[in-house]
Every structure is written in structure tokens, then in C-alpha cells.
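Only one structure is covered here, and it is reproduced in the block below.
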Amino acid sequence: MSEFDKEVRPLVAGNWKMFGLKAALEQALQVRDTVSAEGFSANTDVMICPPATLVMVLGELSGGSRLLVGGQDCHAAASGAHTGDVSAEMLKDAGAAAVIVGHSERRADHGELDRDVQTKAVAAHRAGLTAIICIGETAGQRAADLTLEVVRRQLEGSVPDGATAANTIIAYEPVWAIGTGLTPTPDDVEAVHGAIRVALVQRFGEDGAGMRILYGGSVKPGNAHELMSIANVNGALVGGASLKADDFLGIIGAYSS
Ligand code: PGA
């Protein structure tokens, strides 16, 4: 662990993406009940970000438990004529504590640029939500040795000036590792997370030292412990493996002492 890690409480967050009908809530409730049992990775925050249709019901079902609920995206405005969009205020009202912004699938599918992501993070803060801001290089950028440059640029452009350790979480997700079963080597993860930490401390001082930096991309029960033990890795953003309670709990269990 690096000197920066000591005071940073980890977060394991599940990103359900566009998966999950009502029946999937059963998995979330199993997570809620297991993590709420005394002593289960008690030093760790646990969150599920279901599709927008399930945020309110999961918010109600998890109220008063250790399970936090998050959204997967938000519009920059609080309200308005934006058919199909959901605002940060609406997510907050539905019981969310956080919202993911700038996921690579949003950047790729909807052409979101760093400045859009930054505006959404500002919206999250305005609504009282924690912004989970995603960054990460493509396979081509890694092959061209551009990883650190890309990640620093995304960080600079996507994280707003008002970011604090309390209202902002960074998720480093190499695009080529998402949903592929591939992960960077521990050395590569350490190098990127270390560079992110340095950039955050330079820009935000103490807040940058305390900001959580999650790793995301093919986190599974079998690799979670190794990945979560790396310096400046303060938790995980989990896609596929968050859909099944047993797998997700296996990952959260990496933090059991
Ligand atoms: P994955 O997705 O765990 O399925 O690779 C991670 C993510 O996209 O957040």
C-alpha cells in the first residue's frame, strides 16, 4: 500500500449496464443482505448501479442497509425538454447516492467528450451525488504507448474543479479490458493508478490524496484480491461479474480481513 492508501475507504461498485429486469432485484437483495451481516468486509462500501428503471425500487429496498445505489449516466441539466434523459436530481430523488459518468460505452456509443463528462460530473455534484468519473485507454492507445498521456488528458478534461475526496471517485477502466476477460498486469495497473494519484494530488492537494481510484475491466472473484492489493487501487467498478450475487460477493470478499 502506498502512503496515500491508508485513509481511503474502498468501494466495490457494480455496473449492471443495460441488464436487469425486475427479477434481477433478487440478486441485489442477496448482496444487500449478505453485506449487511455483521463483519462482512465491513471496511468497504458496496454499491449497485442498476438500469434507471430499477434505481428507485432498489433505492427503497436498500434504504437503511449497507448497499448503496447509483445511476449509470445523467443529463447535465436538472430538468428540461430532453426526451429520454434522466437528470442527476432525478437519480438523487430516486434514492441514488452516486452516478457513473463518462463510461467508455457512453463515450463510444454517444460520442461523449471529456467536456461533456465534466459537465455531467458538475451536475452530479449540484444534485448532491458522488460522481464516478471513468477514464481509460483503448487497445490502440496502449499499443502506441499513449496510456499515461491519454489517462492524464481525460482526467484533466473530465474532472471538474469542484471535485473533492467526498464527491468524486475516479474509475480507471482500460477499454480493452472491459468485458473481454483481459486485465493489465499488476505492474501496469500500479503504474496507471500511481500516475492518476500524482495528477490528483497535484491538482487537488489533500482531496486528491483521499479521492478513491477504482480499477474496472474484467474484475472477477478469482483476480479481485490481486488487483485490489495494488497500491492506489481503492476498489473496483465491476460489470459482468456484478450481475450474479455470488460473483459480486466474491469480489467484495477480497476486502475481508
Ligand atoms: P466488466 O465491465 O467488469 O464486465 O469488464 C466493467 C465496466 O464496464 O465497468
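The values are calculated or read from the model by the stated rules, or taken from the named source; none is laboratory data. Here the structure is a predicted model, which means the values were calculated and not measured. Please note: Cβ atoms are built from the backbone with ideal geometry, for glycine as well, and neighbour counts cover all protein chains shown. Keep in mind that these areas ignore ligands, DNA and RNA; they rest on the heavy atoms of the full protein, side chains included. Shrake-Rupley method; radii C 1.70, N 1.55, O 1.52, S 1.80 Å.
Arg126 sits with roughly 120 Å² accessible to a 1.4 Å probe, with DNA, RNA and ligands left out of the calculation. Which residue fluctuates the most in the chain, going by a Gaussian network model with Cα springs under 10 Å, if the choices are Gly240, Gly157, Gly70? Judging by the Gaussian network model, the answer is Gly157.
Kindly provide the helix-only [θ] at 222 nm of the chain, computed as the sum of -39,500 (n - 2.57) over DSSP H runs of four or more divided by all residues, to the nearest 500 deg cm²/dmol? Walk me through the numbers on the way to the answer.
Working: 11 runs with 107 residues, N = 257.
Helix-only estimate at 222 nm: -12000 deg cm²/dmol.
Highest mobility in the GNM of the chain, judged by mean-square fluctuation with C-alpha springs under 10 Å and restricted to Ala144, Ala96, Ala231, is found for Ala144.
For the charge dipole of the chain, defined by +1 on Lys and Arg C-beta atoms and -1 on Asp and Glu C-beta atoms about the Cα centroid, which residue among Gly194, Ala24, Leu129 has the Cα displaced farthest towards the positive pole? My answer, from the dipole projection, is Ala24. Ser104 exposes around 20 Å² of accessible area when a 1.4 Å probe is run over every protein chain in place. As a fraction of the 1.4 Å probe accessible area of the chain, surface on carbon and sulfur atoms comes out at 54 percent. Look at where the Cα atoms of region 201-257 and of region 128-182 average out, and the two centres are 14 Å apart. Annotated for the chain: lysine pairs at least 8 residues apart or interchain, Cα distance under 25 Å, count 10.
Over region 20-112, what relative contact order in percent results from Cα pairs under 8 Å that are six or more residues apart?
Numbers: 120 pairs, mean separation 22.8, N = 93.
Normalised by residue count, the contact order of region 20-112 is 25 percent.
Here's the picture: charge each Lys and Arg Cβ at +1 and each Asp and Glu Cβ at -1 in the chain, and of Val233, Cys74, Val150 the one pushed furthest to the positive end of that dipole is Cys74.
As a length-normalised measure over Cα pairs under 8 Å and 6 or more apart, the relative contact order of region 140-213 settles at 41 percent. As a length-normalised measure over Cα pairs under 8 Å and 6 or more apart, the relative contact order of the chain settles at 22 percent. Taking only Cα atoms and a 10 Å spring cutoff, compute GNM fluctuations for the chain and point out the largest among Gly210, Gly102, Gly179. In this elastic network of the chain, the residue with the biggest mean-square fluctuation among Gly210, Gly102, Gly179 is Gly179.
Can you work out the accessible area per residue across region 104-257, with the rest of the protein chains kept in place, probe 1.4 Å, in square angstrom?
Values: 6200 Å² over 154 residues.
Value returned for region 104-257: 40 Å² of accessible area per residue.
Taking amide H positions as modeled 1.01 Å from N, with prolines and chain starts lacking one, the residues under 5 Å from Gly235 and 5 or more places away or on another chain are Leu11, Tyr215.
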